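Have a look at the structure below before the remarks.
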Amino acid sequence: MRRGAVIVNPTKVPDSRKLRADLSAIFRGYGWADPLWWDTTVEQPGKQQALEAVEAGVDLVAALGGDGTVRCVAAGLLPSRTPLAVLASGTGNLLARQLKLPVGHFETALRVALAGVDHEIDVMRIALDDNGSGQFGAEEIGLVMSGIGVDAEIMAATTEELKGRIGWLAYPAAGLRQVVHDLVPATICFDDGVQIERDVTSVLVGNCGMLQGGMKLMPDAVVDDGLLNAVVVRGSGIRWLPVIAKVLTRSTRDSEAVTRHLCREATVRVDRPTGVEVDGDVIGTARAVRFAVDPAALVLRLPR
């Protein structure tokens, strides 16, 4: 019999025992064995559990949690090409929303996966240079969007308590504290030879273009085109108004406020240590960060 695994962020479910019984019944209904089961922890947020699931020889791994949990589980599945199912539960769930997968309905999402087909999507690989030495550290992976600048400060200021109380509105609420801020001198180099030197608010690079609340920062972003979408944002105080207008109207025309570029690789260098986030998780500060696409690296289970 085929067998799956479920890797759960326990902070995202009210009754883990009932959930396990319900999902196990669905596996059995599709002719699968009862799934193996792991909970994530703060110390082990998903990658190690995924590696153990692969070692056990499962045919499918379902990640139940937000974008951060899905990202960590995916990191453990890349070498084996084991398919990933997304059981979305959280505040953002931007990957699931971009792909029109069920959000918050775990049983439906699992049925979609068990009846679905495998599809390859691109992965971002992100590496930090902590001190500007030119030496990049170990890579992190991203599936949605990564950035250096104020976006990382907003993510760091968005607490789980606030997300629990007001949902995705926690992000703009935290962002209000960053309306006025210092711009960061940056040099952005793309793989096609284009170079931009500008004081910036943030430089974001994405595989998916959707923001919380359904807004699209990168209207043309596609998860399986072998390309990344880079957005250079320059906004502070009243300068945020043209940035917001660009997002709301889904305009792709470049301006002083927002510049876009398609690339396979981008390197951003800044003049001081600046926060970096990946799929909503702050991963540290850096003087430089390299973003690169890994085409068709992840096998995802999607609807037929």
key: Hits in segment 254-272 (condition: within 17 Å of VAL194 (Cα to Cα) and outside any strand (DSSP E or B))   = ASP254, SER255, GLU256, ARG264
query = Could you list, in sequence order, the residues of segment 1-36 that are farther than 16 Å from VAL86 by Cα, touching a residue at least 40 places away in the same chain (Cβ under 8 Å) and touching a Pro at 6+ places or on another chain (Cβ under 9 Å)?
reply = ARG3
inquiry  = Within segment 92-105, does at least one residue satisfy the condition of being among the polar types (S, T, N, Q) and modelled with pLDDT of 95 or more?
reply    = no
query = Can ASP220 be described as under 27 Å from ARG264 (Cβ atoms), part of a loop (DSSP other than H, G, I, E, B) and at pLDDT 95 or above?
reply = no
message = Could you check segment 179-217 and list, in sequence order, the residues that are among the hydrophobic types (A, V, I, L, M, F, W, C), closer than 18 Å to LEU262 by Cα and in a loop (DSSP other than H, G, I, E, B)?
response = VAL194, CYS208, LEU217
ask   = Which number in (1) buried (at least 23 other Cβ atoms within 10 Å of the Cβ); (2) assigned by TED's automatic domain parsing to the domain that holds ASP182 marks the one condition that THR69 misses?
value = (2)
query = Can you tell me which residue in segment 101-112 is farthest from LYS216 (Cα to Cα), limited to those that are free of Cβ contacts under 8 Å to residues at least 60 places away in the same chain and in a loop (DSSP other than H, G, I, E, B)?
reply = HIS105
Members of segment 74-89 that are of a type outside the set (A, V, I, L, M, F, W, C) and either at pLDDT 95 or above or surrounded by 20 or more Cβ atoms within 10 Å (Cβ to Cβ) (or both) = GLY76, SER80, ARG81, THR82, PRO83, SER89
key: Lone qualifier among LEU36, LEU94, LEU99, LEU60 - being assigned by TED's automatic domain parsing to the domain that holds ASP15 and farther than 28 Å from LEU227 by Cα   = LEU36
note = Inside segment 182-220, the number of residues satisfying the requirement of being surrounded by 15 or more Cβ atoms within 10 Å (Cβ to Cβ), of a type outside the set (D, E, K, R) and in contact with a helix residue (DSSP H, G or I) (Cβ under 8 Å, 6 or more places away or on another chain) is 9
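The values are calculated or read from the model by the stated rules, or taken from the named source; none is laboratory data. For clarity, every value in this text was computed on a predicted model and none was experimentally measured. With ideal geometry, Cβ positions are generated from the backbone for all residues, glycine too; neighbour counts draw on all protein chains shown.
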